[in-house]
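What follows draws every value from the coordinates through simple rules; no lab data is involved. In this text, all values refer to a predicted model and were calculated from it rather than measured experimentally. Positions of Cβ are backbone-derived with ideal geometry, glycine not excepted, and every protein chain shown enters the neighbour counts.
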Amino acid sequence: MTYKSDIWEVFIQSKNGLAHKHVGNVHASDKKMALDNARDLYTRRNEGSCIWVVKTSHIVSSESEDSESFFDPANDKVYRHPTFYKMPDGAKHI
Amino acid sequence: MSTLLKYTLRIADNSLILGQRMAEWCSKGPTLEEDIAMSNIALDLFGQANGFLEYASKIDGQKTADDLAFKRDASNFYNFCLVEVENGHFGNTMIRSLLFDTFYLLFYKELSKSQDENLSALAFKSLKEIKYHFRHSQNWIIRLGDGTKESNKKVQESLNNLWKYTDEFFEIDNVDQIMIDQKIGVNTSLLKKEWTEIIESTINEAKLIKPSTIKMITGGRDGKHSNKLSSLLKEMQYLPRKYPNAKW
């Protein structure tokens, strides 16, 4: 059996308030099927509280040839990193 | 056999036999995703069957849940005739699931109010799973019915073929009546209206036509089955029967 299907990227939010995290993709021919398939493939062991599915073709990605111009300029600008601040002892998770 | 035991076995057997049918799809699904979905549903159903069989074993006092699953013959299984029907094509399996899931959704909702704490707890736990099974089969029937000419024709044929098994859901016999009187069992005859409404609205959305009333086939709940159930059991029970002391 063959039928037309798209690829959808799957994002799972593990707990309320946290960001959705990319976990993989599924094939599906409509959005309900994409959500059902994502649920079956990625959340069978209590992994999530919310699922997003997005058609892969709707994602805009930077190209690898752009990576120099996109990311390298940050290298010599240390002042963009908050490394000059002294952290108080009590502050955790920073 | 006590009334409560038979009542519990009927519930367990529906899940067990349908689970076995769904498991037959494993590695043969139309897509990888659907293969996993159907295997997941099969596992849910085995889990439900296990819960009810454990309770049946407790009522029985002698046989274990495994004995009940693997050492009974077809004539001692009390599942609906519908669930033993062979899978056929994918659309056929989904029609069978839709008819069953819709009923079990309503059934478990009522059973979760049972005066029998074990049955009500098992029903409550199973209800969450059946909600998803229903959503899965309903989405597929709408998709296939309202899909191509060919998919519509195929699921319409399946609907026409399987319709004759649906009256069994709503039958009330002596066992049911005693359980209803004790506020343990569900009066399924009262569920027919809502079941019909859900099925009608689903098949309307799926651009399918409700089959006309035909001669109904029942009897599964009293152990009267097609020879398809014997073939299913032969495969399902092969290992424990051939190697009675096998451990895994």
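What number results when the radius of gyration of segment B:1-91, computed over Cα atoms, is divided by 2.2 N^0.38 Å? Could you put the intermediate results ahead of the total?
On the way: Rg = 14.1 Å, N = 91, 2.2 N^0.38 = 12.2 Å.
That ratio works out to 1.16.
Amide H to amide H, which residues 5 or more places from A:SER49 or on other chains are under 5 Å from it, using H placed in the peptide plane?
Those qualifying (amide H under 5 Å, at least 5 residues apart or on another chain) are A:GLN13, A:SER14, A:LYS15.
Give me a single rounded figure for B:28-39: the average over its residues of other chain Cβ atoms within 10 Å of their Cβ.
On the way: counts 0, 1, 3, 10, 4, 11, 7, 1, 5, 6, 1, 1.
That works out to 4 on average.
Determine, for B:CYS81, B:CYS26, the number of other Cβ atoms within 10 Å of each Cβ, and report the residues in order from fewest to most. Intermediate results must be reported in sequence, preceding the final value.
Working: B:CYS81 22, B:CYS26 13.
Arranged by neighbour count, lowest to highest, B:CYS81, B:CYS26 become B:CYS26, B:CYS81.
Considering every residue in B:41-54, what mean count of other chain Cβ atoms within 10 Å of its Cβ is obtained? If you can, show how the numbers build up before the last one.
Values: counts 1, 0, 1, 0, 0, 0, 0, 0, 0, 0, 0, 0, 0, 0.
That works out to 0 on average.
Treating only the Cβ of Lys, Arg, Asp and Glu as charged (+1, +1, -1, -1), what charge dipole size does the protein assembly as shown show about its Cα centre? Round to the nearest 20 debye.
Numbers: 46 positive and 46 negative charges, 108 e Å.
Dipole of the protein assembly as shown, to the nearest 20 debye: 520 debye.
How shielded is A:32-38 by partner chains, expressed as the average number of their Cβ atoms within 10 Å of its Cβ atoms?
On the way: counts 7, 8, 1, 2, 8, 6, 1.
Mean number of neighbouring Cβ atoms from other chains: 5.
Which three semi-axes in whole Å describe the equivalent ellipsoid of segment B:69-108, each the square root of 5 times a Cα gyration tensor eigenvalue, listed largest first? The partial results should precede the final answer.
On the way: eigenvalues 91, 48, 10 Å².
Semi-axes, largest first: 21, 15, 7 Å.
Kirkwood Rh over alpha-carbon pairs of segment A:42-91, then Stokes-Einstein at 25 °C and 0.890 mPa s: what D in µm² s⁻¹, rounded to an integer? Don't jump to the answer; show the numbers that get you there.
Values: Rh = 16.1 Å.
For the chosen part, D equals 153 µm²/s.
Find the relative contact order for chain B and round it to a whole percent, using C-alpha pairs within less than 8 Å whose residues are 6+ positions apart.
On the way: 342 pairs, mean separation 61.7, N = 248.
Computed over chain B, the figure is 25 percent.
If you build a Gaussian network model of chain A, linking Cα atoms that sit under 10 Å apart, which residue out of A:ALA28, A:ALA19, A:ALA38 swings the most?
With Cα springs under 10 Å in chain A, the top fluctuation among A:ALA28, A:ALA19, A:ALA38 is at A:ALA19.
Over the residues of the protein assembly as shown, compute the C-alpha Rg and express it relative to 2.2 N^0.38 Å. Intermediate results must be reported in sequence, preceding the final value.
Numbers: Rg = 25.0 Å, N = 342, 2.2 N^0.38 = 20.2 Å.
Computed over Cα atoms of the protein assembly as shown, the ratio equals 1.24.
If a/c stays under 1.5 just call it rounded; otherwise compare a/b with b/c (prolate if a/b is bigger, oblate if not). Do that for segment B:123-175, with a ≥ b ≥ c from the square roots of the Cα gyration tensor eigenvalues. Before the final figure, lay out each step's value.
Working: a/c = 5.68, a/b = 1.40, b/c = 4.05.
Verdict is oblate for segment B:123-175.
Can you give the Rg and Dmax of chain A based on its C-alpha atoms, in angstrom?
Cα radius of gyration and Dmax of chain A are 19.5, 63 Å respectively.
Which shape class, rounded, prolate or oblate, goes with chain B when its Cα gyration tensor gives a ≥ b ≥ c as root eigenvalues, a/c under 1.5 marks rounded, and past that a/b bigger than b/c marks prolate? Intermediate results must be reported in sequence, preceding the final value.
Values: a/c = 1.73, a/b = 1.28, b/c = 1.36.
Oblate, since a/c reaches 1.5 and b/c is not below a/b.
Between B:THR218, B:THR188, B:THR31, which gets the highest mean-square fluctuation from a Gaussian network model of chain B, Cα cutoff 10 Å?
Looking only at B:THR218, B:THR188, B:THR31, the largest GNM fluctuation is found for B:THR31.
Which of the lysines could a cross-linker bridge to B:LYS210, judged by Cα under 20 Å and excluding same-chain residues fewer than eight apart?
Qualifying lysines at Cα under 20 Å: B:LYS149, B:LYS153, B:LYS154, B:LYS164, B:LYS192, B:LYS193.
Comparing A:ASP66, A:ASP30, A:ASP76, which has the greatest mean-square fluctuation in the GNM of chain A with Cα pairs linked when under 10 Å apart?
A:ASP76
Given N residues in segment B:116-248, what is its alpha carbon radius of gyration divided by 2.2 N^0.38 Å?
On the way: Rg = 18.7 Å, N = 133, 2.2 N^0.38 = 14.1 Å.
After normalising by residue count via 2.2 N^0.38 Å, the value is 1.32.
In debye to the nearest 20, how big a dipole does segment A:1-59 give about its Cα centre with +1 on each Lys and Arg Cβ and -1 on each Asp and Glu Cβ?
On the way: 9 positive and 6 negative charges, 25 e Å.
With only Lys, Arg, Asp and Glu charged at Cβ, the dipole is about 120 debye.
When the helix-only estimate is applied to chain B (DSSP H runs of n ≥ 4, each -39,500 (n - 2.57), divided by the residue count), what is the mean residue ellipticity at 222 nm, nearest 500 deg cm²/dmol? Please list the in-between numbers first.
Working: 11 runs with 162 residues, N = 248.
Calculated at 222 nm, the ellipticity per residue is -21500 deg cm²/dmol.
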